[in-house]
1. Search segment 190-223 for residues being touching a helix residue (DSSP H, G or I) at 6+ places or on another chain (Cβ under 9 Å) and part of a loop (DSSP other than H, G, I, E, B), and hand back the single one that is surrounded by the most Cβ atoms within 10 Å (Cβ to Cβ).
2. Looking at segment 1-22, I want the residues that are farther than 30 Å from S37 by Cα and have a partner that is part of a helix (DSSP H, G or I) and modelled with pLDDT of 70 or more with Cβ atoms under 7 Å, at least 6 apart or on another chain. Which pairs are those?
3. R130 passes all but one of (1) part of a helix (DSSP H, G or I); (2) within 30 Å of L47 (Cα to Cα); (3) of a type in the set (D, E, K, R); which number fails?
4. For segment 88-110, name all the residues that are modelled with pLDDT of 80 or more and within 21 Å of R48 (Cα to Cα).
5. Quick one: which residue in E88, E135, E121 is under 25 Å from D21 (Cβ atoms) and part of a loop (DSSP other than H, G, I, E, B)?
6. Check whether at least one residue in segment 156-170 is in the same structural domain as G144 (by TED's automatic domain parsing), over 19 Å from K123 (Cα atoms) and among the charged types (D, E, K, R), and report yes or no.
7. From the set of residues in segment 99-115 that are more than 15 Å from the chain's Cα centre (by Cα) and at negative phi, which is surrounded by the most Cβ atoms within 10 Å (Cβ to Cβ)?
8. Out of V96, V158, which single residue is more than 30 Å from D41 (Cα to Cα) and surrounded by fewer than 19 Cβ atoms within 10 Å (Cβ to Cβ)?
Amino acid sequence: MLGLDEESVKDFQLYATILCDHLWMARNKARMEGSKSDPTDLSKQILRVFMEHKEAWKEQNERPSKDVVWSPPPRSWIKINFDAAICEEKTTVAVVERDTTDNLFLAWSEQFESENSLLGEAKAAWYVIRCAVNEGFQNKILEGDVWNVTEPLKKSDVAPHWSIRSILEDILFFANCFSNVEFLLSIEKGNVSAHLLAQWTALVNWSGLVPISNLPSHVFQAFVRDGPRPDLFISPLFQVEFFEQ
């Protein structure tokens, strides 16, 4: 109808989604908090976010599929990959949980108040282990891609940054609920599924369980490249109280 070519249609859809998202958030802030957004600043922010997302999708689409490597956990273990998408207005946590045959037990996302990147990633790990406690599986691997979060959890002689010390202490407390738990640092290519899921759910403001049928093609293909087709949901739903400021 608009006479756009295929590439322009994708850009238009992305921009329209971001525009609606920011206008809705500005409207809610004005209504709930009485704060008004400057139209010029808002338009600049929308354009900046659009360009960031456009470049992210371009980089991902140009990346060869052979670069995507995900290592399955040992038999009777569950691996949880997680990532956080940090935006100015919010932090989005994405969780991807699989077994040794790459059966997908859980794909989940949640939104909460924006933080700096380190604090946001630490809260992502906190959220993940809180979720894992409620599931009943006793052998867990938690894999993220931020050294400053995973390394202090793995090694007691590595001092965490002061801003996330209490969060990491909470994570280690919850780790006592499992028979075995390991914290792994994933190189970026091993965490692509969680990374893309975090970006997409941040873009569309998705919270809760994510059915495979709802995933966009580039996220679904990341799951497929990791291993067998992820078509099994067997994890129970759970509720987690958010981390209190």
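The values are calculated or read from the model by the stated rules, or taken from the named source; none is laboratory data. Just so we're clear, the structure is a prediction, and the values are computed from it rather than from any experiment. Note that we place each Cβ from the backbone using ideal geometry, even for glycine, and neighbour counts take in every protein chain shown.
1. Restricting to residues being touching a helix residue (DSSP H, G or I) at 6+ places or on another chain (Cβ under 9 Å) and part of a loop (DSSP other than H, G, I, E, B), the top hit is V210.
2. Cβ pairs passing all conditions: L4/F12.
3. The single condition R130 does not satisfy is (2).
4. Matches in segment 88-110: K90, T91, T92.
5. Matching residue, one of E88, E135, E121: E88.
6. Within segment 156-170, one or more residues are in the same structural domain as G144 (by TED's automatic domain parsing), over 19 Å from K123 (Cα atoms) and among the charged types (D, E, K, R).
7. The qualifying residue surrounded by the most Cβ atoms within 10 Å (Cβ to Cβ) is L104.
8. Numbers: V96 fails: surrounded by fewer than 19 Cβ atoms within 10 Å (Cβ to Cβ).
Within the list V96, V158, the selection yields V158.
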